[in-house]
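Asks: Before anything else, here's the structure in question.
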Amino acid sequence: MRRKSFLQCSLLMSAAAVLALCLPARAQLSTVQLQEWLNSPAATSHIGNITGNAHAAAMPYRRYCVGCHGELGDGNGENAVWLDPKPRDFQLAIFKCRSTPTGTLPTDEDLYDTIARGLDRSNMPIWNTFTKDERADLVAWIKHFSPRWQKEKPGTPIEIPPEPEVTAERIKAGQEVFGRVQCWKCHGVQGMANGPSASTLTDDLGRPILAYNFTDGSRPKCGSTDRDIYKIFMTGLDGTPMPSFSDNIKPDEAWDLVFYLRTLQPHNAYNAKEKQIARQLGLKPVSPQ
Amino acid sequence: MKKQHYSKFAAILSGLVLVGFGALSLDQNVSAAAEGSIAGTVKFDGTPPHMKGIDMSKDPYCVKQHENSPITLENVVVGANGGLANVVLYISEGLTGNEASAASSNEPVFDQNGCQYIPHVLAMDVDQKFKVTSSDQTTHNIHPLPNAMTGNIPWNKSQPPGAPPIETSWKAPEMISVKCNIHPWMHGYHAVVKGPYATTDKDGAFTIHGVPAGSYTVTAWQEDLGTQTAKVTVAGGSAAKADFTFKAK
């Protein structure tokens, strides 16, 4: 009898040991490590003159974020099964909206902007109910989910030259870039997300994903301004099929492309001049070759 | 006087002998690192699985490159006499750190050619520089998908026609799946290993160069068929033998 319970006990112990060994594979901080980290300077974020403190965000995270992003920040909250695209996995720390090159961590400001902006065509809402300080606190908090924030520095933001004047020449040059680097392979010659490769696109985890449709009036994923669109194709949307074109589009040409992409969108708050010039030019779609 | 002379002579002689031995042992170290190798063949036993043909109709340029020679997937490529191609061989146990590093000697190239990856599997050392090039007149995006937890970080870059090569390296050993989202059939691997390595040719033959004398475990990795290991002892300067057979699933 006694022997049996001893055996059971040792079995349990060894099972616990195996479990304990398996857990660090996902690099979750222990309670002690988390406390240590919370008291360290790493547990802050800096956005302009705002400083965010991770410990202030523990409760808001549980209240507002856990349902989708999960207790462990792995994107497996209880709502996750119902969502598509899936909530971000903070453990991998791969983010779409960055000002930094592909394959690097985003800046604090990038994450701060994403919280306020929300992600169009996903279940990430516009969190404009938070104060600036609360947003900064959440940015600091989500960084404890991935060991990458301890090992790597955020990438250096790409340099964006001042925006030039929109001209007919620049729009035509932008169209040439659109044809040369073959944006239309996925986005289609008219930007309708119906290029030859559009139907088979998958994200990094193999789930089907749609190319951006310029013509349906939806907001671009990472912000609506000209600079936001510039950043999208020069940094890529990591975790998705959208690559970085920074090796193959020069900064000046990148502005040309932004202006041409504006002509594909329906009238909005940003593209009056581009639409007018395109109409005057009688611009035809690029030929798919 | 004569005795003194004798002792001087003995001192010089012993000095010479010491220097000689020193030179000899140095020489041995150098030649062992340069000449030791592990060679063998990897075979496939059974009926090779059917490799599907590739429908490239999404991109007329790709179709044109293979008009007269249709191609198939390359998950399992079996050559003449059952030799298995694209198997990566590396030393999984017994490395001492004295091995000749491939990192400085050459820069492997991963080319996009005819809307295929050439080679299908590119082996490399940790931190070894390699190049991604495109010989095609169509846009590719090169999208390696390592697990971000290993230390290798996924990235995604486009290579339109005439794009300059991408030169980079990987930080940690990992079999990294690489794909092109524009051409969904394009799939290959960056096999990042620690230390000397080899990849089998179309007949399944391989030679791992630069292995110093010692006892090792060699691992053979094939993308669909998994891994196999063998114990090998390399004597100074000679080629040790290691053969592998993967059975049909």
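Every number here is computed from the coordinates shown, using simple stated rules; none is lab data. Worth saying up front: this structure is predicted, and the values here are computed from it rather than measured. For neighbour counting, all protein chains shown are included, and Cβ atoms are generated from backbone atoms with ideal geometry for every residue, glycine included.
Asks: What FRET efficiency comes out for A:T225 versus A:Q276 if R0 is 25 angstrom and r is the Cβ-Cβ distance? Round to the nearest 0.05.
Replies: 0.85
Asks: Mind checking which lysines have their Cα closer than 25 Å to the Cα of B:K52? Skip sequence neighbours fewer than 8 apart in that chain.
Replies: The qualifying lysines are A:K185, B:K43, B:K64, B:K179, B:K202, B:K247, B:K249.
Asks: While we're here: Between B:T227 and A:K172, what is the label-to-label distance in nm when each label sits 7 Å out along the Cα-to-Cβ direction?
Replies: 5.9 nm
Asks: What whole number of Å gives the distance from the Cα centroid of the stretch A:84-130 to the Cα centroid of the stretch A:226-289?
Replies: Comparing the Cα centres of the stretch A:226-289 and the stretch A:84-130, I get a distance of 22 Å.
Asks: Where does the stretch A:100-168 land on Rg/Rh, using Cα atoms and the Kirkwood Rh?
Replies: 1.07
Asks: P(r) for the stretch A:24-132, please, calculated from all Cα pair distances in 5 Å bins and given in %.
Replies: So the P(r) values, bin by bin, are 2, 10, 17, 25, 24, 15, 5, 1.
Asks: Stretch A:A42-A:D252 to full length: gain in nm at 0.36 nm per residue minus the Cα-Cα span?
Replies: Gain on stretching A:A42 to A:D252: 71.9 nm.
Asks: In nm, to one decimal, how far is the B:A248 label point from the B:V63 one, both placed 7 Å along Cα→Cβ?
Replies: Here the answer is 3.4 nm between the modelled labels.
Asks: Report, as an integer, the average count of C-beta atoms from other chains found within 10 Å of each Cβ along A:98-110.
Replies: The per-residue average across the peptide is 2.
Asks: Just flag the GluC sites (Glu not before Pro) in the stretch A:124-218 sitting in loop per DSSP whose Cβ has no more than 10 other Cβ atoms within 10 Å.
Replies: On the way: sites: A:E134, A:E152, A:E159, A:E165, A:E169, A:E176; in loops: A:E152, A:E159, A:E165.
Answer in residue order: A:E159, A:E165.
Asks: Within the stretch B:168-212, what residues put their amide N at less than 20 Å from the label point 7 Å along the Cα-to-Cβ vector of B:N98?
Replies: Residues passing the 20 Å test: B:194-197, B:208-212.
Asks: Follow-up. Under 23 Å from the Cα of A:K151, which lysines turn up, not counting those fewer than eight places away in the same chain?
Replies: Correct list for A:K151: A:K96, A:K143, B:K129, B:K171, B:K194.
Asks: Using alpha-carbon pairs under 8 Å, 6+ residues apart, how would you state the relative contact order of chain A in percent?
Replies: RCO, chain A: 18 percent.
Asks: Based only on the alpha carbon positions, what is the Kirkwood hydrodynamic radius of chain A, in angstrom? Intermediate values should be presented prior to the final figure.
Replies: Values: mean 1/r = 0.0470 Å⁻¹.
The Cα-based Kirkwood calculation yields 21.3 Å.
Asks: Here is a further query. If I build a Gaussian network model for chain A, linking alpha-carbon pairs within less than 10 angstrom, which residue out of A:K250, A:K231, A:K96 has the largest mean-square fluctuation?
Replies: Answer for the Gaussian network model of chain A: A:K250.
Asks: While we're here: Express the C-alpha Rg of the protein assembly as shown as a ratio against the empirical globular expectation 2.2 N^0.38 Å, rounded to two decimals.
Replies: Details: Rg = 29.1 Å, N = 538, 2.2 N^0.38 = 24.0 Å.
Normalised Rg, Cα atoms only: 1.21.
Asks: Further question: What's the average, rounded to a whole number, of partner chain beta-carbon atoms within 10 Å of each residue's beta-carbon in B:142-155?
Replies: Across B:142-155, the average partner-chain Cβ count within 10 Å equals 5.
Asks: Going by a ≥ b ≥ c, the root eigenvalues of the Cα gyration tensor, does the stretch A:168-281 fall in the rounded group (a/c under 1.5), the prolate group (a/b larger than b/c) or the oblate group?
Replies: It is prolate, given that a/c is not under 1.5 and a/b is the larger ratio.
Asks: Then there's this: Which shape class applies to the stretch A:51-112: rounded if a/c is under 1.5, otherwise prolate when a/b exceeds b/c and oblate if not, where a ≥ b ≥ c are the square roots of the Cα gyration tensor eigenvalues?
Replies: Judged from the Cα gyration tensor, the stretch A:51-112 comes out oblate (a/c at least 1.5, b/c at or above a/b).
Asks: With each pseudo-label sitting 7 Å past Cα toward Cβ, what's the A:E163-B:K241 distance in nm, one decimal?
Replies: 7.2 nm
Asks: To the nearest 10 degrees, how steeply does helix A:132-142 sit against the main Cα axis of chain A, on a 0 to 90 scale?
Replies: The angle comes out near 60 degrees.
Asks: Below 8 Å, C-alpha to C-alpha, sequence gap of six or more: please give me the relative contact order for the stretch B:59-178 in percent. List each step's numbers first, then the result.
Replies: Details: 165 pairs, mean separation 24.5, N = 120.
Relative contact order for the stretch B:59-178 comes out at 20 percent.
Asks: Still on this structure: Bin by bin, in steps of 5 Å, what percent of the Cα pairs in the stretch B:111-154 do you find, going until the bin that has the longest distance?
Replies: 5, 18, 23, 27, 15, 10, 2, 0
Asks: GNM on chain A, C-alpha springs below 10 Å: top fluctuator among A:Q33, A:Q175, A:Q265?
Replies: A:Q33
Asks: What shape does the stretch B:65-222 have by the C-alpha gyration tensor, where a ≥ b ≥ c are the square roots of the eigenvalues, rounded means a/c under 1.5, and otherwise prolate means a/b greater than b/c and oblate the rest?
Replies: Oblate, since a/c reaches 1.5 and b/c is not below a/b.
Asks: So, one more: Which residues in the stretch A:39-77 place their backbone N less than 16 Å from a point set 7 Å from the Cα of A:N123 along the Cα-to-Cβ direction?
Replies: Correct set: A:63-77.
Asks: Which value in deg cm²/dmol, rounded to the nearest 500, describes the helix-derived mean residue ellipticity at 222 nm for chain A, given -39,500 (n - 2.57) per DSSP H run of n ≥ 4 and division by the residue count?
Replies: Calculated at 222 nm, the ellipticity per residue is -11000 deg cm²/dmol.
Asks: Right, here's the next one. What average number of partner chain Cβ atoms lie no more than 10 Å from the Cβ of the residues making up A:238-249?
Replies: Mean partner-chain Cβ count within 10 Å for A:238-249: 6.
Asks: Now, a different point. By how many degrees, 0 to 90 and rounded to 10, does the Cα axis of helix A:251-264 deviate from the longest principal axis of chain A?
Replies: Once rounded, the angle reads 80 degrees.
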